[in-house]
Amino acid sequence: MSLARKSTASVEQYKSNEISTVSQGRLIVMLYEGAIRFLNVAIENNTPRKYDVVNNHILKAQEIVTELMLALNLESGGEVANNLLGIYVYIKKRLLEANMKKDSEILQEIIKYMEDLKIAWEEIEKKEKTASVVPMPAPGARGTGLSLQG
């Protein structure tokens, strides 16, 4: 195997390991980041000579939005999940429209939504990390009120 193929295989294995070991919140943030990146590439290439690049990158963003939709748990997610579903449906509709018209303004609008959602998920992720870190009492400390018995 050539060095280039070994390197590519190592990068793919690293990416696979990274994705399989991150929290669900971090994975969602990564999906938003990917969609934003694809939409920015589409905007940067939005000229008639590069419409194939624009189309491909908008389609990649659409696939990410589909994954976000499929990740929703509408049964236990309640109103939040239903609201997110509505936002994702709107974003998919606008992506289709932007792709048909090759409209950078619509893509900018979608990026704004995605950035806002990404920031919200980053906040959720921070709160999850903070909540999962339980301070341990110092050796010999008494009266902390913490019980490991439940």
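A few notes on this one:
- Of the listed residues Thr47, Thr130, the order by accessible area with a 1.4 Å probe, largest first, is Thr130, Thr47.
- Region 23-132, accessible area per residue, ligands and nucleic acids excluded (1.4 Å, Å²): 60 Å²
- Sites Arg37 and Ile119, calculated FRET efficiency, Cβ-Cβ separation with R0 25 Å, nearest 0.05: 0.95
- Charge-dipole axis of region 23-132 as Lys and Arg at +1 and Asp and Glu at -1 on Cβ define it, positive-most pick from Val53, Ile124, Met100: Val53
- Long pairs among Lys50/Lys112; Lys102/Lys127; Lys60/Lys127; Lys93/Lys127; Lys93/Lys118; Lys101/Lys126, criterion Cα-Cα beyond 28 Å: Lys102/Lys127; Lys60/Lys127; Lys93/Lys127; Lys101/Lys126
- Heavy-atom accessible area with a 1.4 Å probe sorts Arg26, Arg37, Arg49, Arg94, largest first, into Arg49, Arg37, Arg26, Arg94.
The values are calculated or read from the model by the stated rules, or taken from the named source; none is laboratory data. Worth saying up front: this structure is predicted, and the values here are computed from it rather than measured. FYI the Cβ positions are ideal-geometry reconstructions off the backbone, even for glycines, and counts take in every protein chain you see. Only protein heavy atoms, including side chains, enter the accessible area calculation; ligands, DNA and RNA are left aside. Shrake-Rupley method; radii C 1.70, N 1.55, O 1.52, S 1.80 Å.
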